[in-house]
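J.: Could you have a look at this structure, given as structure tokens, before my questions?
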Amino acid sequence: MADHESGGLPGVIGMRTLMMAARREAIDAGSRDVRAEHLLLALAASNSPAGRLLVDAGLDRNALQAALAGERERSLAAVGMPPLPPDRLRATTSAGTPGWGASARDALLAGRRQAHESRRSAQLARRLEQKAKRLDQTARRFEESARLIERGERPGRGRPPHGRAQRNEQERGGLARPGPMSELDLLHAILSTELGTVPRALALAGFDRDALLDALDDPDGER
Amino acid sequence: MVKTRPDPIGATADDLAAVVALRELADRLEDAAVERAIAEGWSWVQVALALGVTRQAVHKKHLRRLGPVARGLRGHRG
């Protein structure tokens, strides 16, 4: 379903679907606001590269939920509060639609920055590649000329007549613009957060945030 | 001043996280307890008194989701 919906504009529609899933997670958890952990739960359950990366690291939705429950229990135990029996907390309906909490807002903003950054480094890589290709062409032309001179012929014929115009066209990639962020950008933003519920839950459950971030930055990890 | 890099699972972080967990617990317990009270026939005024807040505050937070429960009760009594 998500794949069908995201046809054409994966960044935008995919993110909208994900945000709706995160809101659903918040409602199911009886939470008054959508927080970073709900975005992370939605990511883990999503059929996306980010979801697969989490599952591969052993962090499927269930594992993540267990980690979050463990964090809550430990935090309450820190002030001597034993866990309440679930039926004391059971409400048939939640109080309205949860709004967007600070941690979720921060994650979405940082995700957009991350998208901007990865786009810029992709452009830089593309430009460097083009430059290398041009240098390679120049080197080949020189070799060709050298060969001609060696054979006693006059070089300077087969030179492309409008090399410069062509080059400008290629280089006009423009500045990186803030565009739609992907699930990977959002995951990067959430995992980069050093304090709060998510890093606590991951650390307490024995998941290495840095290793996850490394897997995210590894180009081979992008599927 | 030296910038510290706080441990996310240190004692101080535990206390701060406890605040978060207690707030969430309070919210969920309020939802559950108010619902139980209304279902048992408490009036909104009584719930407000028990919570130590105004009736308007209780209404604002819970009327929409528990309205049907309360109306159902009134219907029962005729």
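The values are calculated or read from the model by the stated rules, or taken from the named source; none is laboratory data. Everything numeric here is computed off the predicted structure, so don't read it as measured data. No Cβ is skipped: glycine too gets one built from the backbone with ideal geometry, and neighbour counts run over all protein chains shown. The area values use the complete protein model at the heavy-atom level, side chains included, leaving out ligands, DNA and RNA. Shrake-Rupley method; radii C 1.70, N 1.55, O 1.52, S 1.80 Å.
J.: Provide the gained length on full extension for the span residue A:47 to residue A:116, in nm with one decimal, where the gain is 0.36 nm per separating residue minus the Cα-Cα distance.
T.: Extending this stretch completely gives an extra 22.5 nm.
J.: Which residue, B:34, B:52, B:68, has the largest displacement toward the positive end of the dipole of the range B:30-78 when charges sit on each Cβ (Lys, Arg +1; Asp, Glu -1)?
T.: Highest projection toward the positive end goes to B:68.
J.: Taking the 0 to 90 degree range and rounding to the nearest ten, how far is the long axis of helix B:11-39 tilted relative to the main principal axis of chain B, both from C-alpha atoms?
T.: Its long axis makes an angle of about 0 degrees.
J.: Using protein heavy atoms only (no ligands, DNA or RNA), what is the total accessible area buried between B and A, 1.4 Å probe, nearest 100 Å²?
T.: 2500 Å²
J.: Keeping all protein chains in position, work out how much accessible area residue A:192 exposes to a 1.4 Å probe, and write it in Å² to the nearest 10.
T.: Counting only protein heavy atoms, residue A:192 exposes about 50 Å² to solvent.
J.: What's the FRET efficiency of residue A:56 with residue A:102 using the Cβ-Cβ distance as r and R₀ = 30 Å, to the nearest 0.05?
T.: Plugging the Cβ-Cβ distance into 1/(1 + (r/R0)^6) gives 0.50.
J.: Next question. Under 14 Å Cα-Cα from residue A:131, which aspartates and glutamates qualify once same-chain neighbours fewer than 8 residues away are excluded?
T.: Leaving aside aspartates and glutamates fewer than 8 places away in the same chain, those within reach of residue A:131 are A:169, A:171.
J.: Something else: Hey, what's the range B:30-78 come to in accessible area per residue, 1.4 Å probe, Å²?
T.: About 66 Å² of surface per residue is accessible.
J.: Counting only protein heavy atoms and a 1.4 Å probe, tell me what percentage of the range B:30-78's accessible area is made up of carbon and sulfur.
T.: With neighbouring chains kept in place, the figure for the range B:30-78 is 57 percent.
J.: Then there's this: Under 5 Å between amide H atoms, partner at least 5 residues away or on a different chain: which partners does residue A:100 have, H built in plane at 1.01 Å?
T.: Hits under the 5 Å cutoff: A:34.
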